[in-house]
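Okay, so here's the structure we're looking at.
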Amino acid sequence: MSKPVALELKNVSKYFGSLAANKNVDLTVYRGEILAILGENGCGKTTLMNMIAGIYYPDSGSISVDGQEVVIRSPKDAFRHGIGMIHQHFKLVDLFTAAENIVLGVKNGQRYNIKEVNRKVQELADKYGFNVDPKKKIYEMSVSEKQTVEILKVLYRGADILILDEPSAVLTPQETDKLFDVLRRMREDGKSILIITHKLHEVLSISDRVAVLRKGEHIATVDTATTTASALTEMMVGKKVELNIKRPEPKNTCDRLEVQGLNMVDAEGIKVLDNISFTARAGEILGIAGIAGSGQRELLESIAGLCHPVTGKIIYHNPKTGESEDLRDKDPVAIRELGVRLSFVPEDRLGMGLVGNMDIVDNMMLRSYRKGHSIFVDRKKPGDLAKKIVEELEVATPSTKTPVRRLSGGNVQKVLVGREIAASPTVLMAAYPVRGLDINSSYTIYDLLTEQKEKGVSVIFVGEDLDVLVELCDRILVVCAGRITGILDGRNTTKEEIGLLMTKTETSAETEKKEVTDNENA
């Protein structure tokens, strides 16, 4: 017996100027199923989901819910038809409790009773197996707890069709497993779930069917049980792609950067880095793993000279002069004047990596304009670099004169990573360089980082996909709440071991012993 159709899209198209984000897309979602949405960056996945959720309105085509054609012009309309979207960036009020956030904006004509709301939220959480305290403040919660509140928000409003955008991006493997268990229970309860994700192993483990988009068009929907990762990738890209991360043995390694006893507090006096010490070596990739907000960003910004720790040292060993220099109290310009080439791919691409209103060529010039010898800037070299990056990284853009804010998130990331690698650094720090990138683009970036390693660059890679960290990195430094909880050998560890260390607050004696052994062997 076939399942009833919950949601159906027919010939749905959306244009932004002359660009077709989605073109004549047909999609069917059944009751009680999990449908994964796959595709390269800029293929229209998010645009399509935003039309279902009422954020965009289609230029043509129709959307039907339970066999009835509906008009969805706003998220309010979407909720009226039982559709709710859980975005990757949470929309919660930190000072409110979980229950207060869940009920915020709900108008049912009844008097507001927080005790009754707490009871209903707890009942809903117990029904699906969520672990959440309705009375807990948002600012006291972990990332997974905040995500739980976002899901409960849409369930509380009666959503039967849920859209999740990269739900596991900021979770540990253990938290991801718990989330997937909850999603399976929701599926058994008759909920329809659409998941946007780039992690193929998750697609194969959680979904019933997979819908593949390419260049705005719906290529196919296949049963998960009868497909493979390589087949899905080929459908996404339109050609065969090797899904192997190369990890050559480090050669001619030497200490390039030594971080000693780094401590830092934020503007509110809270300690964000707690006695951080490690060594990054030339010719190796040092991975950094940790739950979002564990101090990764502050650590990289301290090394790059963007913020200053209270105590500690950041010793850089210059390969040209053989001299050592403490970078701790120097700003980025002073660091560059010393001949230190620290290339930094930040988490916030448009906030601190690129200027959205400037085109690709002008963003290349941000690295070189100080080298000019006259009032006139040389646009030829930055222009050539922009063309090279667009061609080699396959950046989807009308031209190099296109403002970067008009590019999809993944293509913005390609421009940023390409520019930083082109600076020929001796230390390359990359914070989430493949965040939001499709599988094909991600493997291109992994290959670029490995090339830098083989050239003798010291690569520091902050990643959120533990499978990739284990395959790509030579050593993996794990942080939790601003402290190092372990330094592991990438070839001999597991993502489960890393996940456990990501949730610890103290370095165990066993881990300390392993750290010492690894360092002695190295």
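The values are calculated or read from the model by the stated rules, or taken from the named source; none is laboratory data. Nothing here was measured: the structure is a model prediction, and the numbers come from that model. Quick reminder, even Gly has a Cβ in these numbers, built from the backbone with ideal geometry, and neighbours come from all protein chains shown.
Where helices (runs of 4 or more DSSP H) fall wholly inside region 7-123, the ranges with 1 or more residues that are farther than 30 Å from ASP133 by Cβ are 45-52, 75-80. Among the residues of region 216-242, those that are in a loop (DSSP other than H, G, I, E, B) and modelled with pLDDT of 85 or more comprise GLY216, THR227, THR228. Tell me, please, whether a residue that is buried (at least 19 other Cβ atoms within 10 Å of the Cβ), within 26 Å of the chain's Cα centre (by Cα), under 25 Å from VAL182 (Cβ atoms) and not charged (D, E, K, R) can be found in region 59-78. Within region 59-78, none of the residues are buried (at least 19 other Cβ atoms within 10 Å of the Cβ), within 26 Å of the chain's Cα centre (by Cα), under 25 Å from VAL182 (Cβ atoms) and not charged (D, E, K, R). When GLY190 is tested against the conditions (1) surrounded by fewer than 21 Cβ atoms within 10 Å (Cβ to Cβ); (2) at pLDDT 90 or above; (3) outside any loop (DSSP other than H, G, I, E, B), the lone failure is (3). For region 29-41, state whether one or more residues are within 16 Å of VAL212 (Cα to Cα), of a type in the set (Ser, Thr, Tyr) and in the same structural domain as PHE180 (by TED's automatic domain parsing). Checked against the condition, which is being within 16 Å of VAL212 (Cα to Cα), of a type in the set (Ser, Thr, Tyr) and in the same structural domain as PHE180 (by TED's automatic domain parsing), region 29-41 yields no hits at all. Determine whether region 335-355 contains at least one residue that is at pLDDT below 85, more than 17 Å from VAL459 (Cβ to Cβ) and among the β-branched types (Val, Ile, Thr). Looking through region 335-355, at least one residue is at pLDDT below 85, more than 17 Å from VAL459 (Cβ to Cβ) and among the β-branched types (Val, Ile, Thr).
Selection over region 198-215 of residues that are surrounded by fewer than 22 Cβ atoms within 10 Å (Cβ to Cβ), part of a loop (DSSP other than H, G, I, E, B) and touching a Leu at 6+ places or on another chain (Cβ under 9 Å) gives a count of 1. Name every residue in region 380-395 that is under 15 Å from VAL417 (Cβ atoms) and buried (at least 18 other Cβ atoms within 10 Å of the Cβ), in order of residue number. Within region 380-395, LEU385, ALA386, ILE389, VAL390, LEU393, VAL395 meet the criteria. Restricting attention to region 144-155, does a residue exist that is under 21 Å from THR97 (Cβ atoms) and either within 16 Å of the chain's Cα centre (by Cα) or in the same structural domain as LEU437 (by TED's automatic domain parsing) (or both)? Yes, that holds for at least one residue.
Conditions tested, residue by residue: (1) in the same structural domain as LEU27 (by TED's automatic domain parsing); (2) under 22 Å from VAL434 (Cβ atoms); (3) under 22 Å from the mean Cα position of the chain (by Cα).
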| position | (1), (2), (3) |
| --- | --- |
| THR172 | yes, yes, yes |
| LYS178 | yes, no, yes |
| LEU183 | yes, no, yes |
| LYS191 | yes, no, no |
| HIS201 | yes, yes, yes |
| ARG209 | yes, no, no |
| ASP223 | yes, no, no |
| ALA229 | yes, yes, yes |
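Within region 1-35, the set of residues being within 22 Å of ASN411 (Cα to Cα) and surrounded by 16 or more Cβ atoms within 10 Å (Cβ to Cβ) comprises SER13, LYS14, ALA20, ALA21, ASN22, LYS23. Restricting ILE245, ILE195 to those that are part of a strand (DSSP E or B) and either in contact (Cβ under 8 Å) with a residue 12 or more places away in the chain or farther than 26 Å from THR494 by Cα (or both) reduces the list to ILE195. Tallying residues that are free of Cβ contacts under 8 Å to residues at least 40 places away in the same chain and either acidic (Asp, Glu) or surrounded by fewer than 17 Cβ atoms within 10 Å (Cβ to Cβ) (or both) within region 79-99 yields 2.
If you go through region 200-233 and keep only what is among the charged types (D, E, K, R) and more than 20 Å from VAL25 (Cβ to Cβ), you end up with just GLU202.
When ASP474 is tested against the conditions (1) more than 30 Å from ASN318 (Cβ to Cβ); (2) modelled with pLDDT of 80 or more, the lone failure is (1). With respect to the conditions (1) more than 25 Å from THR493 (Cβ to Cβ); (2) more than 22 Å from the chain's Cα centre (by Cα), PRO250 lacks only one, and its number is (1).
Contact map, region 54-68: first residue within 16 Å of ASP26 (Cβ to Cβ), second residue surrounded by 13 or more Cβ atoms within 10 Å (Cβ to Cβ) and aromatic (Phe, Trp, Tyr), Cβ cut-off under 8 Å, separation 6 or more or different chains; pairs are ASP59/TYR15.
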